[in-house]
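Chemist: Could you have a look at this structure, given as structure tokens, before my questions?
The values are calculated or read from the model by the stated rules, or taken from the named source; none is laboratory data. No experiment lies behind these values; they were computed from the predicted model shown. Every residue, glycine as well, gets a Cβ built from its backbone with ideal geometry; the counts of neighbours run over all protein chains shown. Side chains included, ligands, DNA and RNA excluded: accessible areas come from the protein's heavy atoms. Shrake-Rupley method; radii C 1.70, N 1.55, O 1.52, S 1.80 Å.
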2 protein chains.
Amino acid sequence: MPQQKAFMTLPSDDYKEQISTLVPKQTSFRTSIITSTQISKRHRTMTGLGSSCGACKFLRRKCTSECVFAPYFCYDQAAAHFAAVHKVFGASNVSKLLLHLPVHNRGDAAITISYEALARMRDPIYGCVAHIFALQQQVSKLFLQVPEHFYKSPRI
Amino acid sequence: MPQQKAFMTLPSDDYKEQISTLVPKQTSFRTSIITSTQISKRHRTMTGLGSSCGACKFLRRKCTSECVFAPYFCYDQAAAHFAAVHKVFGASNVSKLLLHLPVHNRGDAAITISYEALARMRDPIYGCVAHIFALQQQVSKLFLQVPEHFYKSPRI
């Protein structure tokens, strides 16, 4: 069952680890989860080099030290991912959402928002809800294979 | 295991049925999944009575026969749900997304978008991705309880 094995590769208990598996093919995505103390130093370095974050690159604007996206969209594919975020959620909505969260939660929010946006781009009808349906079906099937559930109805 | 039983109550094979379970406590949500032939008649009746759809009620605008939201946001809690959709995705983004889909797919898209929006309002950090994590953990646990998987590593 290759699909089940794929699910099994996901870490099970730590959200911090799990979210790093959400958006594939981005080697430096996990580095976007940084602490509040790291942000200013990192951002100063980034803007000091004259480079913009992926969000500002996509929005064709100057990336300042106040950019709310910079700490979370500064990896290789950030501009492409932000394009999806912008199309699905809108930069303004995501900016407001991030600003309303404590700094230490913004990295996780940015990753889950990116994941939802990319899923909606791939599947405009169901988005990441297709993943929920698939997992629910997998749970239903596995539930019936567990001996102690043999005589129980899955719809109870 | 009450949590597992709760998952088991979900229909397993039909998206049309599954999506009706996504947004709880709305008796008339399923009626929003209607065919293209029903839309014009239904909408004429609705606007003929002078009532607006939930989206137009929330946006405080007149609901016309061209309203893209009307067929999918015309149930009891539609205005409240659309408020979440508007805050998370933006009415304009959702309008564009719906208009780019075939009419027969728009009902499913509207429901999954509402689900994602409500989940993000409840949990601004993880949104509906928290549900995905929970299901992945449940799959991991059930996988290990299936006899044929006893000696397999869940991380293979």
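Chemist: For the stretch A:106-151, which positions are of a type in the set (A, V, I, L, M, F, W, C) and within 25 Å of residue A:71 (Cα to Cα)?
Modeler: Of everything in the stretch A:106-151, those that are of a type in the set (A, V, I, L, M, F, W, C) and within 25 Å of residue A:71 (Cα to Cα) turn out to be A:109, A:110, A:111, A:113, A:117, A:118, A:119, A:121, A:128.
Chemist: Same structure, new question: Take the residues in the stretch A:74-131 that are within 9 Å of another protein chain (Cβ to nearest Cβ) and of a type in the set (Gly, Ala, Ser), then tell me which one is most open to solvent (accessible area, probe 1.4 Å).
Modeler: A:92
Chemist: Filtering the stretch B:132-149 down to residues that are surrounded by fewer than 17 Cβ atoms within 10 Å (Cβ to Cβ) and more than 7 Å from chain A (Cβ to nearest Cβ), which residue is farthest from residue A:137 (Cα to Cα)?
Modeler: The residue in question is B:148.
Residue by residue, here is whether (1) within 16 Å of the chain's Cα centre (by Cα); (2) aliphatic (A, V, I, L, M) holds:
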position	(1), (2)
B:60	no, no
B:91	yes, yes
B:113	yes, yes
B:116	yes, no
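Chemist: Within the stretch B:31-56, restricting attention to residues that are buried (at least 18 other Cβ atoms within 10 Å of the Cβ) and part of a helix (DSSP H, G or I), which residue is modelled with the lowest pLDDT?
Modeler: Selected residue: B:32.
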